[in-house]
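Read-outs: derived from the displayed coordinates by stated rules, not from any lab. None of the values given here were measured: they were computed from a predicted structure. Every residue, glycine as well, gets a Cβ built from its backbone with ideal geometry; the counts of neighbours run over all protein chains shown.
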Amino acid sequence: MSDTPEHNAFDGDELSFDDFQLEGFDSDTPLSTPASPQRDLSFFKSIPVTVTLEVASKEIALGELMSAGEGSVIELDKLNGEPLDVKVNGSLMGHAEVVVINDKYGLKLIDVVDSALTKMGP
């Protein structure tokens with residue numbers, strides 16, 4: 001004989017909701033969460049992020065890349081004139097065109113992707 005106590009597994013069929021006292025509980029009333037207070041997000045406006053304008057990309061085999069040398073051309077996946085991808089910390093924010101401002105490159109936003117960044121508000 002074994003001295004180990006017998007372990008009974010939970011049986012869902014034995015559960016009866018009649019045992020619970022649910023006074024004042026109306027099953028037709030939808031559950032709701034309390035309205036969250038308006039939060040001041042101005043703190044986040046001073047956090048630095050990296051904005052990148054990605055011209056295009058291409059997935060190629062490492063061997064093909066290793067054989068490329070000076071003067072080699074690697075065809076990318078975007079057509080001439082297509083909007084470029086604007087990424088913030090690596091995540092797509094929208095699309096833009098390249099512009100020149102005071103002899104420096106800049107970008108002109110064409111569209112902004114609906115994301116958590118746009119939902120934060122101004």
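Odds and ends about this structure:
- Between residue 55 and residue 105, the simple label model (points 7 Å from Cα in the Cβ direction) yields a spacing of 0.7 nm.
- Across the stretch 94-106, coupling constants 3J(HN,Hα) worked out from phi with the 6.51/-1.76/1.60 Karplus curve, θ = phi - 60°, read x, 10, 8, 10, 7, 10, 10, 10, 6, 6, 10, 6, x Hz, and Gly and Pro carry x.
- Additional length obtainable on full extension of the chain from residue 41 to residue 97, 0.36 nm per residue less Cα span: 17.2 nm
- In Hz, Karplus ³J(HN,Hα) per residue of the stretch 70-86 (6.51, -1.76, 1.60; θ = phi - 60°; x = Gly, Pro): 4, x, 5, 10, 10, 6, 9, 8, 10, 8, 4, x, 6, x, 9, 7, 9
- Protection proxy ranking of 40-52, 75-87, by the mean of other Cβ atoms within 10 Å over each peptide's residues and highest first, is 75-87, 40-52.
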